[in-house]
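Contents: one structure, followed by commentary.
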């Protein structure tokens, strides 16, 4: 069994975090459904949480400040999801659509 | 030697679920893929000495937030949620679900009572910090060093809750929100007119008229 497969360290968690963040960013940029954009934002926030917790456990496991930051990220993302879904519902009521391209009326 | 197996399993599930969120055609399945990714990330938290965060992740993200997302999908979607025309998939799904459930039940029972005594199952890095977990230390930190951000977060949650209610509530009749726009509030309300609503209204001519008046006013 190769070493990188058997010994799980910080770099593995950071790689997963990076991959999840990249996929979330791809979803934010490319998807046309508004709720899918919100889900991709949540994915990016979760990737950040993985990085925070992995760093905390590796660099200074006796402090737990990284986990406190992660709790704040979780709180803020819950608030963001609530406001975002309220906006989606208001937009759907106004335009009867959840396609991102139908909300481009501010384009100059 | 069990930590790499757990890590690679949940890494595959997390990345696959994330790809499913972004790439799947149906938004409903995307939400279900999101649950898989959230639960895998909770497993990463367990592997990193963050047991409280793992539970919080499961409760807040994988259950609460996904249910809110599903509510949003079902409020706004015109999807065929109950598509039962194809009898093949319907007849295949319940045995698969029952099989997965029984396999998981057998695995949990076998590992918890026969193979590993509870405590030896987790790798050595987990729960090395304190035997009672991280909840106590997190609480002390939250109320000592981080008490100001903590209170700020509570205010933020309150503001977000009120904002969500105000944004998504239906406009009342005659409730003029944007008084500087010279449009008479019709059934959808003035804000909907200002947002150029082209549906949900009584007639298109009224909408076009009000839109023209908004343009001339602004």
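Close contacts from the range B:55-81, counting a first residue that is at pLDDT below 85 and a second that is part of a helix (DSSP H, G or I), with Cβ to Cβ under 7 Å and a gap of 6+ residues or different chains, come to B:75/A:89; B:76/A:88; B:76/A:89; B:76/A:92; B:77/B:27; B:79/B:28. Out of all the residues in the range A:37-55, is one or more at the interface with chain B (Cβ under 10 Å from one of its Cβ atoms) and free of Cβ contacts under 8 Å to residues at least 12 places away in the same chain? Checked against the condition, which is being at the interface with chain B (Cβ under 10 Å from one of its Cβ atoms) and free of Cβ contacts under 8 Å to residues at least 12 places away in the same chain, the range A:37-55 yields no hits at all.
Can you say whether residue B:126 is modelled with pLDDT of 90 or more, within 14 Å of chain A (Cβ to nearest Cβ) and surrounded by 10 or more Cβ atoms within 10 Å (Cβ to Cβ), as far as the supplied structure shows? It is false that residue B:126 is modelled with pLDDT of 90 or more, within 14 Å of chain A (Cβ to nearest Cβ) and surrounded by 10 or more Cβ atoms within 10 Å (Cβ to Cβ).
Any residue that is closer than 28 Å to residue B:70 by Cα, out of contact with any strand residue (DSSP E or B) (no Cβ under 8 Å at 6 or more places or on another chain) and either surrounded by fewer than 20 Cβ atoms within 10 Å (Cβ to Cβ) or at pLDDT 95 or above (or both) - is there at least one of those in the range A:55-69? Yes - at least one qualifying residue is present in the range A:55-69.
Just wondering, is there one or more residues in the range B:1-10 that are under 20 Å from residue A:37 (Cα atoms) and either surrounded by fewer than 17 Cβ atoms within 10 Å (Cβ to Cβ) or at pLDDT 90 or above (or both)?
Pass one, the range B:1-10, residues under 20 Å from residue A:37 (Cα atoms): none.
Scanning the range B:1-10 turns up no residue that is under 20 Å from residue A:37 (Cα atoms) and either surrounded by fewer than 17 Cβ atoms within 10 Å (Cβ to Cβ) or at pLDDT 90 or above (or both).
Only one of the numbered conditions (1) over 18 Å from residue B:12 (Cβ atoms); (2) over 15 Å from the mean Cα position of the chain (by Cα); (3) within 7 Å of chain A (Cβ to nearest Cβ) is not met by residue B:44, and that is (1).
Have a look at A:101, A:75, A:58 and point out the one that is in contact with a helix residue (DSSP H, G or I) (Cβ under 7 Å, 6 or more places away or on another chain), part of a helix (DSSP H, G or I) and more than 7 Å from chain B (Cβ to nearest Cβ).
Working: A:101 fails: in contact with a helix residue (DSSP H, G or I) (Cβ under 7 Å, 6 or more places away or on another chain); A:75 fails: more than 7 Å from chain B (Cβ to nearest Cβ).
On inspection, the qualifying residue turns out to be A:58.
Scanning the range A:4-32 for residues that are crowded, with 19+ Cβ neighbours inside 10 Å and within 17 Å of residue B:19 (Cβ to Cβ) yields a count of 8. Quick check on the range B:26-37. Is at least one of its residues more than 9 Å from chain A (Cβ to nearest Cβ) and either modelled with pLDDT under 85 or assigned to a loop (DSSP other than H, G, I, E, B) (or both)? Yes, there is a match, as at least one residue in the range B:26-37 is more than 9 Å from chain A (Cβ to nearest Cβ) and either modelled with pLDDT under 85 or assigned to a loop (DSSP other than H, G, I, E, B) (or both). Any idea how many residues of the range A:1-33 are touching a helix residue (DSSP H, G or I) at 6+ places or on another chain (Cβ under 7 Å), at pLDDT 90 or above and under 29 Å from residue A:83 (Cα atoms)? Residues in the range A:1-33 being touching a helix residue (DSSP H, G or I) at 6+ places or on another chain (Cβ under 7 Å), at pLDDT 90 or above and under 29 Å from residue A:83 (Cα atoms): 11 in total.
The values are calculated or read from the model by the stated rules, or taken from the named source; none is laboratory data. Treat the numbers as computed from the prediction; the structure is a model and nothing was measured. Here Cβ is always computed from backbone atoms with ideal geometry, including for glycine, and neighbour counts include all displayed protein chains.
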